[in-house]
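Every number in this text was worked out from the coordinates using simple rules, so none of it is lab data. For clarity, every value in this text was computed on a predicted model and none was experimentally measured. Reconstructed Cβ throughout: ideal geometry from the backbone, glycine too, with neighbour counts over all protein chains shown.
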Amino acid sequence: MAKTASSLVLPIIFLVMFALVAQNMGCMAVLGSCGVISDCSMACKSKFGSNARGYCDRDGGSGTCVCVYPCPADKSHTL
């Protein structure tokens, strides 16, 4: 019985951690080029509210302005 219980501990811990991470990830949106948007953080806050965070993803060229914000209750996690 002890082996059965101990073999279930890691999968249960993994499932709990996955549920907590998925709940706290939030939504993401791409606003445009960092060359056009001078302050990604302020642009994200004005579009998605004060809890939004913005950063410039320098993936090439002038980069892309990416926002991370809390998902509305009726929306799934999207990019």
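Among S38, S33, sorting on how many other beta-carbon atoms sit within 10 Å of each Cβ, with the fewest leading, yields S38, S33. Cβ-to-Cβ counts within 10 Å put S50, S41 in ascending order as S50, S41, the fewest first. In terms of packing, defined here as the mean over residues of other Cβ atoms within 10 angstrom, the peptides 42-49, 61-68 line up highest first as 61-68, 42-49.
Taking label points 7 Å from Cα along the Cα-to-Cβ direction, M42 and V30 give a separation of 2.5 nm.
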